[in-house]
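The structure appears right after this line, and notes come after that.
Nothing in this text is a laboratory measurement; each read-out follows from the coordinates by a stated rule. These numbers were taken from a predicted model, which means no experiment stands behind them. Reconstructed Cβ throughout: ideal geometry from the backbone, glycine too, with neighbour counts over all protein chains shown.
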Amino acid sequence: MTETIKDKVKAFVIENFLFGDTSYDLADTASLIENDIIDSTGVLELVAFIEDQFGIAMGDADIVPANLDSVARISAFIEARVGAPATA
Amino acid sequence: MCGFGGYFGAVPEAKILLERMVAAIAHRGPDENGVFVDEGAGLAHARLSIVGLGDGQQPMSDETGELTIAFNGEIFNYVELRKELRAKGRRFRTSSDTEVILHLYDVMGEECLARLNGDFSFAIWDRRRQRMMLARDRMGVRPLFYMTHGGTLYFASEIKALLQVPGVSAELDPIALDQIFTLWAPIAPRTGFRDIHELEPAHLMIAERGKVTIRPYWQLDYPEREASPLLTDERRAAEELRALLTDATRIRMRADVPVGSYLSGGLDSSIVAAMATGMAPQGLRTFSVTFESVEHDESAFQMEMATALGTHHSAVACRAGDIARSFPEVVRFAERPIIRTAPAPLYQLSRLVRDEGLKVVLTGEGADEVFAGYDIFKEARVRRFCGRQPGSRIRPHLFRKLYPYIPGLQQQSAEYLAAFFGAGDVPLNDPLFSHRPRFKSTAATKIFFSGDLRTRLSNYDAAEDLASRLPAAFGGWHPLHQAQYLESRFLLPGYILSSQGDRMAMAHGVEGRFPFLDHRLVEFATRLPPRMKLKGLVEKHILREATKDLLPPSIGQRTKQPYRAPDSHSFTGAGELDYVRDAMSETRISDSGLFNAKAVTKLYEKCQSQPVSGFRDNAAFVGVLSTQLWLQTFTGTSVRAAEAA
């Protein structure tokens, strides 16, 4: 389950933010902001992806780098939240 | 204001070449042209007649025939200089400012530059000394490019004139491309063209006896941070500012043709137009560009100001498709790849001015650099404020206030805001502190560079290159002054005054004049304490104080609205033009060898499918498209960029 989520997340990041550049060595723990992979509009694209793909309603308090700033963090967040209610 | 070209050295069939050079920049000077050929030197000139309509033809020689000049621009204090020179017994044959430069050079040699208040670039052929002198104004309003080919020095107002020299072909400089995709513009003297250089603002070149020397004759300088402020009384400072700005505007109204004014609806052009209105007894013409999209349009403010001043106002609407339709011409005139579409509406605006019969306009450019108006100055202050309490959840909310127009930013948490702006990440003593987030977010566009280009540029860092060119005193300046220097010395001449300024105006034979860039005003502003310029988060405080009686409160108290234009979405959607599809096609991208064709295709599809694009995607789209157009225009798509130097 975790592997599948991570694969999906990574595929989305590579396709949408790295434009299919598979030569980019994207470590699971690499910061998406510090590595200039994502900007403020990109965060909203990422939120839309998570909500659409995994059926998670994300509250404002969820949209923080601690949950979303790497493939590993995003995957862990989704895994923990699948089926759980959104925070305020 | 005009265009010129020339050479110093041996050139076969010189007259033919000079005629071709001047024909390539005929848009700069549609009124007259002329050619001068001497042994070992030649000059050519395309004239836009503004001062001395009947007797200012160029190239112009002095009485003896020993000195000959080709000149682009205006010397605004030529009346005072001529009076001075006459008092010393000099006799004038014309009423032009051009002849004033000749006399002054004859008296003072290159030291004459210190006496000139103007926007100029010129070449003086000194037959007696067998030397060619080139010079450019202090802030970089007027362009001047040069190259050496076959042992001969060639120079011109635009690069397209230099491309007329037999044996010279255009090659894109990959370092310049890296600089554009990081800093928005090449770092002068580098241009987009390999082996073609730009004479830097406030520099002169002397070529004689086989040797070329280039040196600055003026420098933008700020006081030591710890030094006592030179101007501490705000009321007196405001009075002095007002007097200087009034005189700067007054001498910029000098012309033998009507002078109009741009009117964006913002503070700066409103101040200029208000001042000019009182100096134009026949009434002032004002000109604006409007947009369909609410986020870009300022027409309500433009109309309010025009009504308040009683100007005869004209506006051109930048509608869906206009930017895309004009963009190939915009790139041809800009002569470089650009990452924003903002020059395109200004191209439309100068056409409106010309169609309405004017050829000179005042603009408010320069006030944001001189009096700290840009958001980037406030952003740096907020970043420092956040950096002092890195864990604060309250302080980063200030970033929202700075950028209400950036899509997505308003919805972000404090943590994300702090992360996006690198609050606390950039060392406070970094000389590029103020500009690091901008350079970093712009450089993210280089993800679209091809593997080959990335390999060639692997050891190059544009931001560090820029940092290495800062003056020794830079580290001792106040952080606001450091940020102002970066804007004024690099982005202002490199992008604002060129790609958005001279090139778009002169495409239609229109001369822009910039009261805020009068060097007396620039020097005065450097001596102001930072708190008089950026007071808290209120930009251009002292300028507002000095001019508050000129403007309606709704204009005078307006927060800076950056001039922007729709970017990638100008090229996608209904009515998409064939040239865009062609230039961005996988085949064309692969042919150029500069970008990753598959990644660009995905970018193109993303911009087509999403209603809003972020900064990186917008800048990348416009940057890639303009680079493709540059290659088509100047080299043909099959030609690859030069190897990285």
Environment charge at B:Gln411 (Cβ cut-off 15 Å; Lys +1, Arg +1, Asp -1, Glu -1): -4
Integer Hz, Karplus 6.51/-1.76/1.60 couplings in order for the stretch B:572-587, x for Gly and Pro: 10, x, 4, x, 4, 8, 4, 5, 5, 4, 5, 5, 9, 5, 4, 5
Selected from B:Leu104, B:Leu398, B:Gly29, residue furthest toward positive end of dipole (chain B; charges at beta carbon): B:Leu398
Ranked packing of A:40-49, B:613-622, most packed first, by mean Cβ within 10 Å: B:613-622, A:40-49
For the stretch B:346-352, Karplus couplings with θ = phi - 60° (6.51, -1.76, 1.60), whole Hz, Gly/Pro x: 6, 5, 5, 5, 5, 5, 4
Packing rank of A:16-25, B:184-193, where each peptide gets the mean count of other beta carbons within 10 Å, highest leading: B:184-193, A:16-25
Under 11 Å, Cβ to Cβ, from B:Phe4 - net charge with Lys/Arg +1 and Asp/Glu -1: +2
Over chain B: helical MRE at 222 nm, DSSP H runs n ≥ 4 each giving -39500 (n - 2.57), nearest 500: -10500 deg cm²/dmol
Label-point separation in nm, B:Arg129 to B:Thr232, each point 7 Å along Cα→Cβ: 4.5 nm
Derived scalar couplings ³J(HN,Hα) [the stretch B:190-207; Karplus, 6.51 cos²θ - 1.76 cosθ + 1.60; whole Hz; x for Gly, Pro]: 5, 10, x, 9, 4, 6, 10, 10, 10, 6, 5, x, 6, 10, 10, 10, 10, 10
Taking only Cα atoms of the protein assembly as shown, radius of gyration then Dmax in Å: 26.5, 93
Taking B:Lys211, B:Lys160, A:Lys8 and counting other C-beta atoms within 10 Å, the order from fewest to most: B:Lys211, A:Lys8, B:Lys160
Nonlocal amide H pairs with B:Asp256, under 5 Å, H built at 1.01 Å: B:Val51, B:Gly52
For chain B, alpha-carbon Rg relative to the globular expectation (2.2 N^0.38 Å, N residues): 0.94
Nearest-0.05 FRET efficiency for A:Val82 and B:Val212, computed from C-beta distance (R0 60 Å): 0.30
Charge dipole of the protein assembly as shown about the Cα centre (unit charges at C-beta), most positive-ward option of B:Leu491, B:Pro562, B:Ile206: B:Ile206
All-pairs alpha carbon distance profile, the stretch B:568-634, 5 Å steps from 0, percent: 3, 18, 33, 27, 15, 4, 0
Shielding by partners - mean other protein chain Cβ count within 10 Å, residues of B:431-444: 1
Charged-residue dipole, Cβ positions (Lys, Arg, Asp, Glu), the protein assembly as shown about Cα centre, Debye nearest 20: 1420 debye
Relative contact order computed over the stretch B:2-216 (Cα-Cα under 8 Å; 6+ residues apart), in percent: 19 percent
Percent RCO, i.e. relative contact order, over chain B, from Cα pairs under 8 Å lying at least 6 residues apart: 17 percent
Computed magnitude of the charge dipole of the stretch B:568-634 (debye, nearest 20; Cβ of K, R +1, Cβ of D, E -1): 200 debye
Within-10-Å neighbourhood charge of B:Glu335 [Cβ basis; K, R +1; D, E -1]: +3
Cβ-Cβ FRET estimate between B:Gln608 and A:Ala72, R0 fixed at 30 Å, reported to 0.05: 0.40
Rg/Rh for chain A, where both radii come from Cα atoms and Rh is the Kirkwood radius: 0.93
Average beta carbon contacts from partner chains per residue of A:58-66, 10 Å cutoff: 3
Nearby lysines by direct alpha-carbon distance to B:Lys160 (threshold 25 angstrom, same-chain neighbours under 8 apart not counted): B:Lys15, B:Lys359
Relative contact order computed over the stretch B:568-634 (Cα-Cα under 8 Å; 6+ residues apart), in percent: 39 percent
Which of B:Ser95, B:Ser326 has the fewest Cβ neighbours within 10 Å, and the rest in rising order: B:Ser95, B:Ser326
Spatial separation of Cα centroids for the stretch B:424-454 and the stretch B:216-269, in angstrom: 32 Å
FRET efficiency, A:Asp7 to B:Leu53 (Cβ-Cβ, R0 51 Å, nearest 0.05): 0.10
Peptides ranked, highest mean first, by Cβ atoms within 10 Å: ranges B:446-455, B:467-476, B:493-502: B:493-502, B:446-455, B:467-476
Fewest-first ranking of B:Cys607, B:Cys386, using other Cβ atoms within 10 Å as the exposure measure: B:Cys607, B:Cys386
Label-point separation in nm, B:Ser458 to B:Ser293, each point 7 Å along Cα→Cβ: 3.9 nm
Where the Cα pairs of the stretch B:128-184 fall when distances are cut into 10 Å bins, in %: 17, 38, 37, 6, 1
Computed over the stretch B:2-216, Cα set: Rg, Dmax in Å: 16.6, 54
Using alpha-carbon coordinates, inclination of helix A:40-54 to the longest axis of chain A, degrees: 60 degrees
